[in-house]
Each structure stands twice: as structure tokens, then as C-alpha cells.
Amino acid sequence: MISTAADVSMRLDKLLTTLALGSRSHVRGLVKTGRIGVNGQPVRTADYRVDQGDIIALDGAVLDARTVRHVMLNKPRGVLTAARDAKQPTVLDLLPPVYASCGCMPVGRLDKDTEGLLLLTTDGTLAHMLLSPKRHVWKCYQAEVEGALQAKDIAAFERGIALSDFTALPARLEILETDLQKSTAKVWVQEGKFHQVRRMFAALGHPVTGLKRLSIGPLPLDASLAPGEYRDLTADEIQSLLEAVSGE
Ligand code: URA
């Protein structure tokens, strides 16, 4: 089980705002009135320095004091992969405010109409490595496309499809079902350029009508998550991602 103890050394008031307990003045009020405990003792000074491993409580109830967060979301269609937007719902709107206040950001982006596995993390280095084509972290999608996919399409994905501004790295296509009107396929790509999978299929004359991400490297979408649901990654899942980016 992941510990809920503090994972940084930080001023108490700063930690409490990072944990989305309220504004700096609000959390200072909580501290002053003796409502915050550290390791079972009330602490009344806002500049108290919390240490890694400290247990923080509000009114006696232990808080989840982690500032490092890694979460998987089953992104629904119609939601923007962005931190915030004035008009449209974003993936951060689907998570409790603590994720945004800890600085959790999406790892790359899924198009508004793409669904499925989206990772969000406070670890910018891990995010960068998961996205870098040099690390060869394969992302798997299920695509619904117009028309009948054929062996020549598999070969085209394998060669690398030339798009207007770049040639996609070799990718893998597995045809699951096909008839004259439409096909369903799995596709594995090792890069994540804007609209990449849609553009690759479109270049072969098969517009995409539905797209869902199924996995990122060793991490599959948790099938128990309905669209819009999320959960924290387990310690093993985090470890498997770190191993995937370090090439072990
Ligand atoms: N490729 C796309 O075209 N869209 C996505 O959302 C992800 C990959």
C-alpha cells in the first residue's frame, strides 16, 4: 500500500495549501487554532517544517499528505487534455482539486474525441521520458476506421507512413475485424505527435471514427475504470513505468 505520509520537507502552511486545504490565510487559521496535528501532536506555528514521513492530521483525521502523484484516468470523449479551459471541461476537472494543486499534469495529450488511458503525474521527468520516441515506450490504441483494412496497410504501418510534415516511425497494426464498410484494429506507435494515429490511417484512406488508448508501455488501462473514473497508480505500476523508460 502507498504511504499517505508527507513525502517532502516543506513549511506546514505551504504543504497544506499544496494539499488543497484552502488559501494560505485559511490554512494558517487551521494551524493557529490547533486543528492540525503532526505525528499526533498539535502544531500551532505555520512555519513549522514538516519532514518526509510525518503524519499530518486535520481534526484528528489523517490526511493523505503525498505531493508526488501518479494517476490513471479513463478519459471520456468530449473532454480536453489540458489543465484548464475557460469554456470546455478538462481532464483536471475530473479529478479532486488536490491533483491540480500538487501540480499533476497530463502525460502528452489525447484528442478531445479520443478516450482511454491518460496518465497524469507530478513527475515532469518521468512524463518527458514516457513521451520521448528515443525511449521506445509503445502506446497501444484501438481504432475504428472506415473501409476494409488489408495486409498492405499492415506493411505501410511497418514501413513508416509519410505525412505532410514528418514520416512516422515504424508502427504495428493488427486487424481485429474488417468488412467493406469498416474495420477495427489495434495499433502500436512509439511517438505521440498531434493527431498522429488519425493522420496515419487517413493517409492510407481510412478515416478514424473512434479511437481509444489501451496501454502505455507496460501499463494497461484498468478495465474496471468506467469513462471519467481514475485511480492512483500502485507502487508496482510506477516501478514498471520507471523500468520501461530506463530500458531495463
Ligand atoms: N493519435 C491521435 O490521432 N489522437 C490521439 O488522441 C492519440 C493518438
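Rule-based calculations on the coordinates, nothing more; no lab input. Source: prediction; values computed, not measured. FYI the Cβ positions are ideal-geometry reconstructions off the backbone, even for glycines, and counts take in every protein chain you see.
Counting other beta carbons within 10 Å of each Cβ, put Thr167, Thr67, Thr209 in order, fewest first.
Thr167, Thr209, Thr67
Ignoring solvent entirely, what values of log10 I(q)/I(0) come out of the Debye formula for the chain at 0.07, 0.13 Å⁻¹ when each Cα is a single scatterer?
Log-scaled intensity ratios, in q order: -0.31, -0.84.
So for the chain, averaging the separation of alpha carbon pairs under 8 Å that are six or more residues apart and normalising by length, what relative contact order in percent results?
The normalised contact order for the chain reaches 19 percent.
Between their Cα atoms, which of Lys87/Lys193; Lys87/Lys152; Lys139/Lys182 are more than 32 Å away from each other?
Lys87/Lys152
Among Arg69, Arg199, rank each residue by its count of other Cβ atoms within 10 Å, from fewest to most, as a rough exposure measure.
Arg199, Arg69
Order the peptides 122-132, 181-191, 229-239 from the highest to the lowest mean number of other Cβ atoms within 10 Å of their residues.
Those peptides, ordered most packed to least, come out 181-191, 122-132, 229-239.
Under 12 Å between alpha carbons, and skipping anything fewer than 8 positions from Lys134 in its own chain: which aspartates and glutamates qualify?
Of all the aspartates and glutamates, those that pass the test against Lys134 - Cα under 12 Å, at least 8 places apart if same chain - are Glu191.
Of all DSSP beta bridges in the chain, what percent run antiparallel (nearest 5)?
Roughly 90 percent of the DSSP beta bridges within the chain come out antiparallel.
First check a/c for the range 10-62, with a ≥ b ≥ c the square roots of the eigenvalues of its C-alpha gyration tensor; if it is under 1.5, answer rounded, and if not, answer prolate when a/b is larger than b/c or oblate otherwise.
Because its axes are fairly even, with a/c under 1.5, the range 10-62 counts as rounded.
Tell me which lysines have Cα within less than 28 Å of Lys32's Cα, excluding those fewer than 8 residues away on the same chain?
The qualifying lysines are Lys14.
By the scheme Lys and Arg +1, Asp and Glu -1, what is the net charge of all other residues having a beta-carbon under 12 Å from that of Thr33?
+3
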